[in-house]
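Trainee: Structure in structure tokens, see below.
The values are calculated or read from the model by the stated rules, or taken from the named source; none is laboratory data. Just so it is clear, the model here is predicted, and its values are computed rather than measured. Note that we place each Cβ from the backbone using ideal geometry, even for glycine, and neighbour counts take in every protein chain shown.
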Amino acid sequence: MTTKGPSRKQVIIPMSKDNIDSFMKNSSLHIANINRQFCNAKSEILVDYIQAEPLGITIVTNEVSQQSNLMIIDQYIKHSNAVNILQVDELHLPKSKLCLKIIGIPYFPHDNSQECLTSNDIELVLKQNQIFNNISLASKPRVIKVSPKSDMSIMWINIWDVQSRSNTKMLINRYFNVGKYIATIQEANMNPGVPQCKNCWKWGHATFLC
């Protein structure tokens with residue numbers, strides 16, 4: 001399922017929570033420094049503001065950034081003392097947001113434990129698996145049970161993709177390991193006119209009714 005992404009007048013920079021907290025402490029200074037570098041490069045683009053997101057920061061500009069502008073921002077971030085560059089992913093402009101589901105993993109995947117699968121577990125698994133290289137999450141993963149009586153899970157992930165859906169096509173029907181289990185990636189079915197709950201992520205009822 002594809003949904004429209006945010007305005008193209010944004011630059012998305014995925015990074016760790018510690019980096020987000022550290023960088024945002026001096027956001028006004030970073031805005032001034034980046035705008036100064038834009039001015040030196042004789043660019044008319046300016047940073048309006050920087051906002052923190054769950055998975056990184058978003059730099060909002062007055063115009064759509066060109067490749068030269070992205071390179072200035074990228075170099076500024078990489079040379080900033082405010083972040084650990086090892087915990088910063090490649091910056092990019094917004095794209096379409098597409099929903100995928102991952103099946104085949106128990107809701108309680110740990111032997112002799114009632115500790116359920118969490119969104120943090122999923123993020124760690126995705127980062128460790130090579131098929132998700134260069135894939136950026138658009139939001140935190142969601143984990144639910146297939147049904148109240150089932151011991152299996154469904155994992156929902158939102159990824160950023162281009163109009164050709166190249167990232168999605170590369171992932172659909174791929175398999176990967178989660179411990180001793182084998183997970184399958186599927187495209188989430190779109191149900192036109194039917195609401196999808198953002199709490200349990202099931203179709204057929206609105207979030208406020210869950």
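Trainee: Could you check region 75-89 and list, in sequence order, the residues that are within 11 Å of Gly56 (Cβ to Cβ) and in a loop (DSSP other than H, G, I, E, B)?
Mentor: Looking only at region 75-89, we keep the residues that are within 11 Å of Gly56 (Cβ to Cβ), and these are 77, 83, 87-89.
Val83, Asp89 - these are the residues of region 75-89 that are within 11 Å of Gly56 (Cβ to Cβ) and in a loop (DSSP other than H, G, I, E, B).
Trainee: Restricting attention to region 106-121, does a residue exist that is assigned to a helix (DSSP H, G or I), within 22 Å of Phe176 (Cβ to Cβ), free of Cβ contacts under 8 Å to residues at least 12 places away in the same chain and not acidic (Asp, Glu)?
Mentor: Checked against the condition, which is being assigned to a helix (DSSP H, G or I), within 22 Å of Phe176 (Cβ to Cβ), free of Cβ contacts under 8 Å to residues at least 12 places away in the same chain and not acidic (Asp, Glu), region 106-121 yields at least one hit.
Trainee: Filter region 22-35 down to the residues that are touching a residue at least 24 places away in the same chain (Cβ under 8 Å) and surrounded by 12 or more Cβ atoms within 10 Å (Cβ to Cβ), then identify the one that is nearest to Lys9 (Cα to Cα).
Mentor: Applying the first criterion (touching a residue at least 24 places away in the same chain (Cβ under 8 Å)) to region 22-35 yields 22-26, 30, 33-34.
Subsequent filtering for residues that are surrounded by 12 or more Cβ atoms within 10 Å (Cβ to Cβ) retains 22-24, 26, 30, 33-34.
On the way: Ser22: 24, Phe23: 20, Met24: 19, Asn26: 22, His30: 18, Asn33: 19, Ile34: 15 Å.
Among residues in region 22-35 that are touching a residue at least 24 places away in the same chain (Cβ under 8 Å) and surrounded by 12 or more Cβ atoms within 10 Å (Cβ to Cβ), the one nearest to Lys9 (Cα to Cα) is Ile34.
Trainee: Quick check: anything in region 92-104 among the β-branched types (Val, Ile, Thr), on the phi < 0 side of the Ramachandran plot, in a strand (DSSP E or B) and not assigned by TED's automatic domain parsing to the domain that holds Asn158? Steps first, answer last, please.
Mentor: The first filter runs over region 92-104 and keeps only residues among the β-branched types (Val, Ile, Thr), leaving 102-103.
Those still in the list that are on the phi < 0 side of the Ramachandran plot too: 102-103.
If we keep only those that are in a strand (DSSP E or B) as well, we get 102-103.
Now narrow it down to the ones that are not assigned by TED's automatic domain parsing to the domain that holds Asn158: none.
Scanning region 92-104, I find no residue that is among the β-branched types (Val, Ile, Thr), on the phi < 0 side of the Ramachandran plot, in a strand (DSSP E or B) and not assigned by TED's automatic domain parsing to the domain that holds Asn158, so the answer is no.
Per-residue answers, yes or no, for (1) within 30 Å of Ala188 (Cα to Cα); (2) under 18 Å from the mean Cα position of the chain (by Cα); (3) surrounded by 11 or more Cβ atoms within 10 Å (Cβ to Cβ); (4) not polar (S, T, N, Q):
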| site | (1), (2), (3), (4) |
| --- | --- |
| Gln37 | no, no, yes, no |
| Glu44 | no, no, no, yes |
| Asn81 | no, no, no, no |
| Leu86 | no, yes, no, yes |
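Trainee: Give the residues of region 46-57 that are at pLDDT below 95 and assigned to a loop (DSSP other than H, G, I, E, B), sorted by residue number.
Mentor: Correct list: Pro54, Leu55.
Trainee: Sort through Ile185, Ile135 and tell me the only one that's within 23 Å of Leu55 (Cβ to Cβ) and either modelled with pLDDT under 85 or assigned to a loop (DSSP other than H, G, I, E, B) (or both).
Mentor: Every option except Ile135 fails the conditions.
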